[in-house]
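Visitor: The structure follows.
Only the coordinates and a few stated rules stand behind these numbers; no lab work does. Since we're looking at a predicted model, the values are computed, not measured. Using ideal geometry, Cβ is built from the backbone for each residue, glycine included, and neighbour counts are taken over all protein chains shown.
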Amino acid sequence: MATRILEAAEGQFRHYGYSKTTVADVAKELGMSPANIYRFFGSKSELLEGVCARLLHQSLSSAQSIAALPVSAEERLRRYSMTLFEFTVVTMLDERKVHDMVVAAIEQSWGVIDQHIDELQAILTDIIAEGMEKGEFAKSDPAHAARCFGAATSPLHHPQMVAQCIGKTNRAGPEDLTEFAIRALKV
C-alpha cells in the first residue's frame, strides 16, 4: 500500500507541484480517506520525503550499475559523473515541479538527502580504491579522495547548481569538470 501511495503522490506532485498537493488530493486519487494515508506516512512532509527517496533511488541504481561495469576505474568515474549529470538535467530540471521538490528536500535537510550522498560516496570510494590498487590513481585515502571527487563534481549533480550553471559559457562544462576531477586523482 505504501508503494501505491508514493506512486499516486509522485503523480500528483509532478502534475500540480508538491506545494499545491495535499494529502487529501493523494487520498482522493487512490479512492481512500486521508486517514489511510496517515497510517503509512505521519505527515505530508514524510510523504514528500518518500517520493524524493524514490527519485534518488533511481540515481543510486544508475551509479551502482556503472560501478559494476567491467571497465577501468577512470572510465567508471567518467560515466558516473556524466550519467548523474544527465539524470539531474532530465529528472530535476526538465520537470520543474520535481526540481522544486528536490530543492525543498535539500533546503529542509531531509535525512534522505544525506543518506543518498553517503551511498554515492561509498560507491565512489569503492571505485577509487580499486583504481588505486590497479595503479590508475595515486595512492591515498580512498574515502577522502571520494569526498573530494564528489565535491569537485557536485556542480554537475546538485539541482540548484546545475540550474544556475547549465549553458553558461564562462563555467567549466560537465566533461571538462569531470576530466579535471579525474586528473586530480592521478597526482
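Visitor: Can you show me the helix-derived [θ] at 222 nm for the chain, built from DSSP H runs with n ≥ 4 at -39,500 (n - 2.57) apiece and divided by the number of residues, rounded to the nearest 500.
Guide: -23000 deg cm²/dmol
Visitor: Would you list VAL71, VAL51 from fewest to most Cβ contacts within 10 Å?
Guide: Ranked by crowding around the Cβ, least crowded first: VAL71, VAL51.
Visitor: Using +1 at the C-beta of Lys and Arg and -1 at the C-beta of Asp and Glu, which of HIS99, TYR80, ALA68 has the Cα lying farthest in the positive direction of the dipole of the chain?
Guide: HIS99
Visitor: Moving on to the next point. Which lysines, if any, have their Cα less than 30 Å from the Cα of LYS168, not counting same-chain residues under 8 positions apart?
Guide: LYS97, LYS186
Visitor: When a footprinting reagent is the concern and you count Cβ atoms within 10 Å, what order do TYR18, TYR80 take, fewest first?
Guide: Working: TYR18 23, TYR80 26.
Neighbour counts put them in this order, fewest first: TYR18, TYR80.
Visitor: Ok, one more. Would you mind giving the average projected area, over all directions, of the Cα convex hull of the chain in nm² with one decimal?
Guide: Quarter of the Cα hull surface area: 11.3 nm².
Visitor: If each of ALA104 and GLU130 carries a label point 7 Å out from its Cα toward its Cβ, how far apart are those two points in nm?
Guide: Distance between the two pseudo-spin positions: 3.8 nm.
Visitor: What ranking of ARG79, ARG183 emerges when the number of other C-beta atoms within 10 Å of each C-beta is taken as an exposure proxy, fewest first? Can you show the working numbers first?
Guide: Details: ARG79 18, ARG183 11.
Fewest-to-most Cβ neighbours within 10 Å comes out as ARG183, ARG79.
Visitor: Just to be sure I understand the model, the point goes 7 Å from the Cα along the line to the Cβ. What's the resulting ASN170 to ALA2 distance in nm?
Guide: The two pseudo-label positions are separated by 4.8 nm.
Visitor: Counting Lys and Arg as +1 and Asp and Glu as -1, each charge on the Cβ, what is the dipole of the chain about the Cα centre in debye, to the nearest 20?
Guide: 320 debye
Visitor: Identify all aspartates and glutamates with a Cα-Cα distance to LYS44 below 19 Å; exclude those on the same chain that are fewer than 8 residues away in sequence.
Guide: Within the straight-line limit of under 19 Å, LYS44 reaches these aspartates and glutamates: GLU7, GLU10, ASP25, GLU29, ASP100, GLU107.
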